[in-house]
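The values are calculated or read from the model by the stated rules, or taken from the named source; none is laboratory data. Not measured: the values here are computed from a predicted model. Ideal geometry is used to build each Cβ from the backbone, glycine not excepted, and the neighbour counts take in all protein chains shown. We work out accessible area using only protein heavy atoms, side chains counted, and drop any ligands, DNA or RNA first. Shrake-Rupley method; radii C 1.70, N 1.55, O 1.52, S 1.80 Å.
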Amino acid sequence: MHYFPGMWLWDRSIVRPLVLKAAGEAATFVERYVDWAERVDDFEPLRVEFDYDARVPDPSGNGDLAAPDGRAVHYVGRAHALVIDGDRARWLLVHRFGPWSSPEVLQLDEEAVTAAWAWEHTFLDARIQGVLYNELTLDARFRRTRVRLSRDAIALAGEQLAREAAEMLDADLAVYPTPATDCERCAFVAPCIEMQNGGDAEDLLARDFRARPPEELEEGRLGGSTWSMGRGAMPVRFSGDGR
């Protein structure tokens, strides 16, 4: 709500109550963030909580990677925000909760750099300059770190993604069990236990599970789609020019 592009140029005294109302029980924390952000935000938001969907290239160089059934392999995800600075450069805005990290750790954030690759691969005319990290602690301390991404780093992220996706499609890939605390929340814990006990999980899977349907973009979410769809993305050519 705070970074919703369609309201970015509004009087912030109008936006602030809406933000705090949306924050609910976290209103005190969010209000302290808003006060801090007003001093450091030197950009305009273009999209918030937006989805990206990029076809994964074949690492052999032969077009896009395809699954055994012929369907293209997609890398999909959701980014916190895309912003543009005074030099018209685009940055991903990423929120991180917990202890602050060193710049070296942030530089190695694979998820962010791969999201940058996916955005560029989907929209070929839009380059990502880097990532703006908002680090937020539970005691309401905030820090912003700017990490520039080289063209080589973004290209390497795409290449690595392609290689890993190709390996995942290999019918001979050996997948070994790795039990952990996450098993408590896994929907597949029952067939996993059945297999561990030497049983056949096929009947259980057929009875209690179904194939995942194609991914669908969430309709009606603030800033989650393009300007033409009417949900808040601000075209660069209109941003800040008074029209």
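Using C-alpha positions alone, give me the convex hull volume of the stretch 1-92 per residue in cubic angstrom.
155 Å³
Can you give me the accessible area per residue for the chain, using a 1.4 Å probe, in Å²?
64 Å²
In whole percent, what relative contact order does the stretch 1-160 give with Cα contacts below 8 Å and a gap of six or more residues?
It comes to 19 percent, rounded to a whole number.
Just to verify a number: what accessible area does R143 come out at with the full protein assembly present, 1.4 Å probe, Å² rounded to tens?
Taking all protein chains as shown, R143 has close to 80 Å².
From the C-alpha coordinates alone, can you work out the Kirkwood hydrodynamic radius of the chain, in Å?
Kirkwood radius, the chain: 20.8 Å.
R12: net charge of surrounding residues, Cβ under 13 Å, Lys/Arg +1, Asp/Glu -1, itself excluded?
Value of the local net charge: -3.
Round to a whole number: what % of the accessible area of the stretch 65-203 belongs to carbon and sulfur, probe 1.4 Å?
54 percent
May I ask for the distance between the Cα centers of the stretch 146-186 and the stretch 19-52, given as a whole number of Å?
When both Cα centres are located, 31 Å separates them.
Kindly provide the Kirkwood hydrodynamic radius of the stretch 154-216 in Å, to one decimal, from all pairs of distinct alpha carbon atoms.
When all Cα pairs of the stretch 154-216 are included, the Kirkwood radius is 14.7 Å.
For the stretch 95-109, take each phi angle, set θ = phi - 60°, evaluate the Karplus expression 6.51 cos²θ - 1.76 cosθ + 1.60, and give the result in whole Hz per residue in order, putting x for glycine and proline.
9, 10, 9, x, x, 5, 10, 6, x, 5, 5, 5, 4, 9, 6
For the stretch 75-116, with equal point scatterers placed on the C-alpha atoms only and solvent neglected, what are the log10 I(q)/I(0) values from the Debye formula at q = 0.16, 0.22, 0.28 1/Å, to two decimals?
-0.51, -0.89, -1.12
What order do E110, E164 take when sorted by accessible area (1.4 Å probe), most exposed first?
Result, largest first: E110, E164.
Once the Cα atoms of helix 151-168 and of the chain are each reduced to a long axis, what angle between those two axes, in degrees from 0 to 90 to the nearest 10, is obtained?
30 degrees
How far is helix 27-40 tilted off the main Cα axis of the chain, in degrees rounded to 10, range 0 to 90?
70 degrees
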